[in-house]
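The values are calculated or read from the model by the stated rules, or taken from the named source; none is laboratory data. Keep in mind that this is a model prediction, so the values were computed, not measured. Because the Cβ atoms are built from the backbone with ideal geometry, glycine has one as well, and the counts that use them run over all protein chains shown. With ligands, DNA and RNA removed, areas are computed over all heavy atoms of the protein, side chains included. Shrake-Rupley method; radii C 1.70, N 1.55, O 1.52, S 1.80 Å.
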Amino acid sequence: MKLFEFKPKLVSCLKNYSKETFMADLMAGIIVGIVALPLAIAFGIASGVSPEKGIITAIIAGFIISLLGGSKVQIGGPTGAFIVIIYGIIQQYGEAGLIVATLMAGVLLVLLGVFKLGAVIKFIPYPIIVGFTSGIAVTIFTTQIADIFGLSFGDEKVPGDFVGKWLIYFRHFDTINWWNTIVSIVSIIIIAITPKFSKKIPGSLIAIIVVTIAVYLMKTFGGIDCIQTIGDRFTIKSELPDAVVPALDWEAIRELFPVAITIAVLGAIESLLSATVADGVIGDRHDSNTELIAQGAANIIAPLFGGIPATGAIARTMTNINNGGKTPIAGIIHAVVLLLILLFLMPLAQYIPMACLAGVLVIVSYNMSGWRVFRALLKNPKSDVTVLLITFFLTVIFDLTVAIEVGLVIACVLFMKRVMETTKISVITDEIDPNKESDIAVHEENLMIPKGIEVYEINGPYFFGIATKFEETMTQLGDRPKVRIIRMRKVPFIDSTGIHNLTTLCEMSQKEKTTVILSGVNENVHNVLEKAGFYELLGKENICPNINVALEKAKDIMIVGTDTIVLIPDTIPITFEAPIPKAIPIKPPIKLITTASIKNCVTITLYVAPKALRTPISRVRSVTDTSMMFIIPMPPTTREIAATAPR
C-alpha cells in the first residue's frame with residue numbers, strides 16, 4: 001500500500017475541460033467572489049485583525065485550496081468558526097503568535113493527509129461538533145454586541161472571556177448609540193428578506209451596499225456622524241504584502257502547540273464536512289487526504305502574507321454549486337475576483353459601517369448555531385446530551401481548545417461505558433441449545449455439559465474496560481471446576497489488558513489444577529494472542545475451533561484426571577495388566593472412568609498394558625503407553641451401574 005497519495009481534483013477535471021464548463025465556472029467564480037467579500041472583511045475585523053487581512057486570506061488560501069484540493073467545488077477562506085480562536089490568540093500572543101500557531105496547524109494538516117488520517121476526523125462524535133459549533137455561534141454573537149449597540153467603553157479594555165464581555169456590556173449599556181442599533185437591525189432585515197426575491201445575489205452584499213450608501217448620505221447631508229465605519233477604526237492597504245517568515249523559538253512553539261492542534265482539528269472537521277455536503281449535492285466523492293494536504297498548504301502559505309487560519313466554507317461552497325460551478329477553476333476565479341477588488345476597490349470599504357458588519361455576523365452566528373439540531377439532540381440518550389452540553393458550555397465560558405479536549409475525553413469514556421454495558425459475559429453449566437446459537441433453526445440436540453466443566457461466553461470486545469468484569473463473574477461463582485471453556489466466537493478484538501487478564505486467569509487456573517480451553521477464537525484475536533506468546537502458556541492443543549470440539553476436549557481431560565474405581569459385571573470380559581499403582585487388582589480388575597452414557601454405550605478409559613487387553617471394542621478413541629479409551633457397547637444389565645457412575 002502506498003503511504004503517500006496526492007491527487008488534486010484539478011488535474012482530473014482538466015482532462016476533459018470544455019468551453020461550456022469554463023463559462024459555468026467563470027460565472028460561479030465571479031458570484032462567489034462577490035459573496036466572499038463582505039464575509040472576509042467581517043471575519044477579519046471580528047478576529048481582531050485589519051479587514052484586508054481577511055481578504056488576503058480568502059485570496060491566497062482560496063486559490064491554494066482550489067488548486068491542490070481533493071474536492072471539485074470546495075471554496076476555501078476564513079470562516080466564522082475561527083473567530084473565537086484567532087481573537088484569543090491575538091489577545092494573549094499578538095499577531096506574531098497567530099502566525100506561528102497557523103503555520104504549525106498547517107503542518108499538522110499536511111501530516112494528517114500524508115498519513116491518510118482523513119477518515120479518522122470523521123469519527124469525532126456528532127454531539128461534540130454540534131456543541132462547539134453552537135458555542136462558537138454564541139461567542140460570535142457576543143463579540144458583536146458592542147458594535148450593534150454602539151457601546152463606548154472609554155479607556156477600559158474589553159475582556160476576552162465570555163462572562164467578562166457581558167459584565168462590561170451591562171456596565172456601559174447607558175452609552176448605547178441608537179443610530180448604530182438601527183443600522184444593525186436594517187442590515188439584518190435586508191439579509192433575511194433578500195433570498196425571497198434574489199437567490200444569486202447574497203443578502204450580505206446588498207445590505208452592505210444599501211446601508212453604506214445610506215450612512216454616507218446621512219453623514220454628508222444629514223450631519224449624522226456618530227455611526228462608526230471601517231475607516232474610522234482601521235487603515236486599509238490596497239496591496240498584497242510581502243511574505244514575512246516569523247521568528248520561531250522553542251518556547252513559542254511549546255506554548256502555542258495546543259492551540260495549533262485546535263486550529264488543525266477544527267479546520268479538518270469543517271473542510272471535510274463541507275466537502276461531504278458538496279459530494280451529496282453534485283454526486284461526486286472527494287479525496288479527504290488530498291483535501292487535508294491542500295488545507296495544510298493554505299495555512300502554511302497564507303500567514304506568511306499576514307493571513308489568518310482558513311478552511312473549507314460551507315456557505316460559499318454551496319453558493320458555488322448553486323451558481324453552476326463545476327470544477328476547481330471556479331474557486332481559482334473567485335480568488336482572482338477578490339484580488340482585483342483588493343487592488344482597485346478596497347478604498348471604498350472604509351465607508352462600510354461597523355454596525356452593518358455586525359449585522360452580517362449576527363446572521364452568520366444564527367445560521368451557524370444550528371439550534372434546531374441542538375434541540376433535537378437534547379432528546380437523544382443522556383450520554384450524548386452530556387457531551388453536547390459540556391462541549392457547548394466549555395466553548396462559551398472557556399475556549400474551544402478546552403472544549404474539544406474535554407469533549408473528546410468524555411465522549412471516549414461514555415463510549416467505553418456503553419460498550420461495557422453491551423458486552424455480556426454469561427456462564428453455562430448445564431446444556432447449550434444449538435438452536436439459540438444463530439437465527440437459523442438447526443434442529444440439533446442440546447449439547448450436555450458434564451459436571452466439573454463450566455462454559456463462559458464473552459459477547460463483545462475483550463478490552464481494558466471489560467477485562468475486570470470477567471474476573472468479577474468468576475469470583476462471584478466461587479467454584480473451582482476441572483475445566484473452564486471460554487467461548488470467544490463473538491469477541492472482535494482483544495487489547496493488552498485483555499491479554500494480561502487472560503494470562504493471569506490461566507496462571508491461577510493452573511495453580512488450582514483447572515484447565516482452560518478457548519473456543520471459537522476468530523482470526524484477528526488468534527493472531528494477537530499468538531504474537532503475545534499466550535499460546536505458549538495455554539498450549540495450542542487447548543485452542544478449539546468450536547464448542548463441540550471444546551466439549552470433547554474437556555471430557556477427555558475429565559476422564560484422564562479421575563481415580564474412581566468401578567466394577568463392570570462379567571458380561572464384559574476384560575483381561576489386562578494394571579501398571580498404575582492406584583488400580584485395585586480385583587476380578588475383573590478395571591479402572592473405569594465414565595463421563596456420560598450415550599444411548600447403549602459408555603465412554604471409558606482403561607489403564608492397561610496395551611497388549612494385554614482383550615475386549616470387544618466399538619471404536620478406539622485414543623492410545624498412549626499407559627491408557628486406552630473406548631466406547632464399549634453396554635449390555636442392559638450394566639446400564640443401571642453406568643448411570644450411577646461418577647460424572
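The table that follows gives values for the structure above.
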read-out	value
Qualifying residue in the range 234-253 (condition: basic (Lys, Arg), assigned to a helix (DSSP H, G or I) and under 30 Å from Tyr351 (Cα atoms))	no
Contacts under 8 angstrom Cβ, first residue in the range 281-300 being without any contact (Cβ under 8 Å) to a residue 24 or more places away in the chain, partner assigned to a helix (DSSP H, G or I) and of a type in the set (A, V, I, L, M, F, W, C), 6 or more apart	none
Helices (runs of 4 or more DSSP H) (entirely within the range 60-161) containing at least 2 residues that are of a type outside the set (Phe, Trp, Tyr) and under 28 Å from Ile282 (Cβ atoms)	83-114, 118-121, 126-143
Leu292 open to solvent by less than 30 Å² (accessible area, probe 1.4 Å), part of a helix (DSSP H, G or I) and either farther than 21 Å from Thr102 by Cβ or hydrophobic (A, V, I, L, M, F, W, C) (or both)	yes
Exclusive hit being of a type outside the set (Ser, Thr, Tyr), touching a residue at least 40 places away in the same chain (Cβ under 8 Å) and surrounded by 24 or more Cβ atoms within 10 Å (Cβ to Cβ), set Ile83, Ile34, Ile30	Ile83
Thr21, sole failed condition from (1) surrounded by fewer than 23 Cβ atoms within 10 Å (Cβ to Cβ); (2) within 32 Å of the chain's Cα centre (by Cα)	(2)
Residue selected from the range 1-18 under the condition charged (D, E, K, R) and either without any contact (Cβ under 8 Å) to a residue 40 or more places away in the chain or open to solvent by less than 10 Å² (accessible area, probe 1.4 Å) (or both), by the criterion farthest from Asp242 (Cα to Cα)	Lys2
Scan of the range 369-401 for residues that are within 21 Å of Gly160 (Cα to Cα), open to solvent by 50 Å² or more (accessible area, probe 1.4 Å) and within 19 Å of the chain's Cα centre (by Cα), ordered by number	Ile390
Number of positions in the range 76-95 that are under 16 Å from Leu400 (Cα atoms) and among the aromatic types (Phe, Trp, Tyr)	2
Candidates Lys116, Lys72, Lys53, filtered to the one that is under 27 Å from the mean Cα position of the chain (by Cα) and surrounded by 24 or more Cβ atoms within 10 Å (Cβ to Cβ)	Lys72
Gly48 being over 28 Å from the mean Cα position of the chain (by Cα), in a loop (DSSP other than H, G, I, E, B) and either under 23 Å from Gly359 (Cα atoms) or not basic (Lys, Arg) (or both)	yes
Flag for Val528 being over 17 Å from Lys482 (Cα atoms), out of contact with any Cys (no Cβ under 6 Å at 6 or more places or on another chain) and crowded, with 20+ Cβ neighbours inside 10 Å	no
